[in-house]
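In what follows, a single structure is set out as structure tokens and then discussed.
The values are calculated or read from the model by the stated rules, or taken from the named source; none is laboratory data. Because the structure is a prediction, the values reported are computed rather than measured. Every residue, glycine as well, gets a Cβ built from its backbone with ideal geometry; the counts of neighbours run over all protein chains shown. Accessible surface areas use protein heavy atoms only, side chains included; no ligands, DNA or RNA. Shrake-Rupley method; radii C 1.70, N 1.55, O 1.52, S 1.80 Å.
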Amino acid sequence: MNIKGKHYRTIWVKKNDKRVIQIIDQRSLPHKFVVENLKFVEDAAQAIKDMHVRGAGLIGATAGYGMYLASLQAPKNNFNAFMARAGKQLKNTRPTAVNLAWAVDRQLNAIKQSKNIADKIKIAFETANNIADEDAEYCRMIGEHGLKIIKAISRRKKGAPVNILTHCNAGWLAFVDYGSATAPIYAAHDAGIKVHIWVDETRPRSQGAKLTAWELLNHGVPHHIIADNVGGHLMQHKMVDMCIVGTDRTTYTGDVANKIGTYLKALSAKANGVPFYVALPSSTFDWKMRDGVKEIPIEERGSEEVVYMDGLHNGRVEKVLITPKGSPAANYGFDVTPAKYITELITERGICKANAKSILNLYPEHKS
Ligand code: MRU
């Protein structure tokens with residue numbers, strides 16, 4: 001993606017220093033653009049846990065590079081045990097996005113292929129780069145498939161703007177590039193199709209208001225930020241043509257875990273006949289889980305994210321308490337939208353129904 005004319009990914013290897021990985025510290029957006037260096041696996045783990053990086057795809061890519069950094073730190077005489085510990089440390093940072101464990105396991109399997117330490121480090125580097133490149137490419141392909149859906153609605157509306165509601169940030173900031181839910185939006189906008197995006201604020205961390213809005217603004221896509229509870233009203237009044245969201249883990253039966261509040265939007269979409277799409281690369285499928293509501297681990301984060309908000313005041317970012325001092329707060333990070341509320345899934349291989357048969361037809365290698 002371009003920021004002020006310069007192309008950025010969300011994570012990359014530092015130019016002229018392969019031992020350093022660089023990320024955009026998303027905690028400072030939209031007010032400041034800060035690049036941070038990761039040198040050790042501990043840095044990568046902290047960046048994931050404290051959400052310097054976030055979003056399922058980018059969490060996976062950071063875990064991939066975290067394992068590469070661990071391979072640079074690992075003692076020669078205890079290499080495999082060190083790597084296994086590093087993998088556990090990374091996996092323990094956040095529970096819901098399955099891309100994290102997927103990337104760690106992919107690295108552990110890859111480095112098994114050689115007994116030679118120098119080769120293992122080389123393999124870890126290549127695997128991390130492959131995970132990142134694949135993530136970007138898959139999101140680009142999601143964009144191509146999703147574009148067809150937006151095109152069809154635009155045709156039906158005789159070229160009037162297609163109103164799309166999205167939740168949280170499933171944009172390029174949540175991946176290595178393009179985004180999942182935003183990839184079709186960018187593809188449509190770039191193809192000259194008129195779109196207008198309703199951006200759910202997404203409390204408590206406001207990824208919609210802070211990150212998705214910043215992305216759309218930079219790309220010149222028309223949008224409005226809305227408070228989290230507005231979507232139902234807009235859908236009732238035919239002001240939403242479709243919803244597209246991302247996902248942190250999708251069961252092979254089509255249940256979707258995504259940022260808290262997604263489920264309520266899906267219920268409203270169903271009640272109002274608005275199609276509800278979920279965009280995801282295959283790294284976000286959990287091929288073992290059948291029942292999302294029962295099985296997907298839901299992250300609970302600290303209550304300070306609910307009781308405080310931050311924003312720009314007199315040129316400085318300040319944090320303010322917005323609740324009565326002493327009132328406790330609960331902070332569930334994700335919810336699960338059962339497959340029956342989802343119109344279709346948009347993947348890198350194409351579009352399918354949210355059920356096991358349709359998903360496994362696209363991914364037959366997971367049938368067993
Ligand atoms: O807590 P976050 O910001 O990591 O949550 C991100 C989301 O829920 C996104 O919608 C999601 O990751 C899907 S797109 C990768």
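Applying a DSSP loop filter and a limit of 10 other Cβ atoms within 10 Å to the trypsin sites (Lys or Arg not before Pro) in region 1-108 leaves Lys4, Lys15, Lys32.
Peptides 161-168, 324-331, ordered by how many other C-beta atoms sit within 10 Å of their residues on average, highest first, read 161-168, 324-331. Using R0 = 45 Å, the C-beta based FRET efficiency linking Leu267 and Glu144 works out to 0.95. Only one residue of Ala174, Thr250, Leu216 has its Cα farthest out toward the positive end of the dipole of region 147-263, where Lys and Arg carry +1 and Asp and Glu -1 on Cβ, and that residue is Leu216.
Computed on protein heavy atoms with a 1.4 Å probe, the accessible areas place Tyr277, Tyr178 in the order Tyr178, Tyr277, largest first.
Once you sort the root eigenvalues of the Cα gyration tensor of region 257-362 as a ≥ b ≥ c, which label holds: rounded (a/c under 1.5), prolate (a/b larger than b/c) or oblate (the other case)? Verdict is prolate for region 257-362. Annotation: for a label point projected 7 angstrom from Cα along Cα→Cβ of Asp190, residues of region 1-22 with backbone N closer than 19 Å are 1-11.
Spacing of the modelled spin labels on Glu318 and Lys158, each 7 Å from Cα toward Cβ, amounts to 5.2 nm. For the chain, the fraction of 1.4 Å probe accessible surface lying on carbon and sulfur atoms is 52 percent. With a cut-off of 8 Å between alpha carbons and a minimum separation of six or more residues, what is the relative contact order of the chain in percent? This gives 15 percent for the chain. Computed from Cα atoms, the angle from the helix 99-111 axis to the main principal axis of the chain rounds to 30 degrees. Given contacts defined as C-alpha pairs under 8 Å and at least six residues apart, what's the relative contact order of region 1-145, whole-number percent? About 19 percent, as a whole number. Given R₀ = 45 Å, what would the calculated FRET efficiency be for Asn92 paired with Lys325, taking r from the Cβ atoms and rounding to 0.05? After rounding to 0.05, the efficiency reads 0.90. Distance distribution P(r), region 2-134, all Cα-Cα pairs, bin width 5 angstrom from 0: 2, 12, 23, 24, 19, 12, 5, 2, 1, 0 percent. Restricting attention to region 1-111, lysine pairs at least eight places apart or on different chains and with alpha-carbon atoms under 25 angstrom apart total 29. Treating r as the C-beta distance of Val230 and Asn129 and R0 as 45 Å, the FRET efficiency rounds to 0.65.
Helical content of the chain, expressed as a calculated mean residue ellipticity at 222 nm, amounts to -11500 deg cm²/dmol (DSSP H runs of 4 or more residues, -39,500 (n - 2.57) each, divided by residue number, nearest 500). Projecting the Cα atoms of Asn37, Ser71, Ala152 onto the dipole axis of the chain, where Lys and Arg carry +1 and Asp and Glu carry -1 at the beta carbon, places Ala152 farthest toward the positive end. Anisotropy class assigned to region 141-366 is oblate, per the alpha carbon gyration tensor with a/c at or over the 1.5 cut-off and a/b no larger than b/c. The distance between label points at His366 and Arg290 comes to 1.6 nm (points 7 Å beyond Cα on the Cα→Cβ vector). Subtracting the Cα-Cα distance of Lys122 and Arg301 from 0.36 nm times their residue separation leaves 60.8 nm of extension gain. Rolling a 1.4 angstrom probe over the protein heavy atoms with all chains in place gives the chain an accessible area of 45 Å² per residue. Computed from point charges on the beta carbon alone (+1 for Lys and Arg, -1 for Asp and Glu), the dipole magnitude for the chain about its Cα centre is near 360 Debye.
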